[in-house]
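See structure below.
Every number here is computed from the coordinates shown, using simple stated rules; none is lab data. Remember, predicted model here, so these are calculated numbers, not experimental data. Cβ atoms come from the backbone with ideal geometry, glycine included; neighbour counts cover every protein chain shown.
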Amino acid sequence: MIGPLKDLLSHHAWADAMFFHAWQKSGLLADEELRTRTDHQVSVQEGFLMVLKGDPAPFPERPLPSFQALKDRCEASHQIFRALGLGLDEEALARTVRVPWFPDPPCVISVSDALLQVCLHSQHHRGQNMARLKALGAAPKNVDYIIWLWKQKPEARWIL
């Protein structure tokens, strides 16, 4: 499980970086729907990082962030996920964590399931965002896992 999960985390970072490149090139940086959905996606990533570290995971009310703020937060989250992924072993993956935003009944899951949720949740919203870019006349990117494999598992590039 360790190898595929580490690959999925690497693909996740690459795909998010590709989305931000497509969004930046689109000229739609102020689009409220893209900003709202991306803020949610990045906030959930940050929330799961807090859960994995054992910290409380609040989702504070705040103004809708700019494109650049979202990109910076997303990149910072992926740097932490990358470091976390380097230390994964079977014991660490089997450890359980409690997801506080599902209080009753308590949601207690393994670290491996938490990481899988982060990747799948982001994939869902990234797909919605790519569809939004296309609907608005921009050029979305194909960030399917198979594309990442075909390209020899490239690292995420956050700078154009």
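In nm, give the distance between the simple-model label positions of residue 7 and residue 131, each being 7 Å from the Cα along the Cα-to-Cβ direction. Using points 7 Å along Cα→Cβ, the separation is 2.7 nm. Taking every DSSP helix (H) stretch of at least 4 residues in the chain, weighting each as -39,500 (n - 2.57) and dividing the sum by the residue count yields a mean residue ellipticity at 222 nm of -21500 deg cm²/dmol.
Between residue 146 and residue 21, what length in nm is gained on full extension when 0.36 nm per residue of separation is reduced by their alpha carbon distance?
43.1 nm
Using 0.36 nm per residue and subtracting the Cα-Cα separation, the extra length available between residue 29 and residue 108 on full extension is 24.7 nm. Protection proxy ranking for 41-49, 4-12, using the average of other Cβ atoms within 10 Å per residue and placing the highest first: 41-49, 4-12. The aspartates and glutamates whose alpha-carbon is closer than 15 Å to the alpha-carbon of residue 153, local same-chain residues fewer than 8 away aside, are 7, 16, 144. Placing +1 on each Lys and Arg Cβ and -1 on each Asp and Glu Cβ, with no other charges, gives the chain a dipole about its Cα centre of roughly 520 debye. Of the residues 86, 100, 160, the one whose Cα sits farthest towards the positive end of the charge dipole of the range 35-160 is 160 (charges of +1 on Lys and Arg Cβ, -1 on Asp and Glu Cβ, taken about the Cα centre). Measuring nothing but how far apart in sequence close Cα pairs (under 8 Å, 6+ apart) lie, relative to its length, the range 2-150 scores a relative contact order of 37 percent.
Just to verify a number: FRET efficiency for residue 69 and residue 90, C-beta to C-beta distance, R0 = 35 Å, to 0.05? After rounding, the FRET efficiency stands at 0.40.
Averaged over residues, the count of other Cβ atoms within 10 Å places the peptides 96-104, 121-129 in the sequence 121-129, 96-104, highest first. Which whole-number percent gives the relative contact order of the range 82-160, counting Cα pairs below 8 Å spaced six or more residues apart? This gives 15 percent for the range 82-160.
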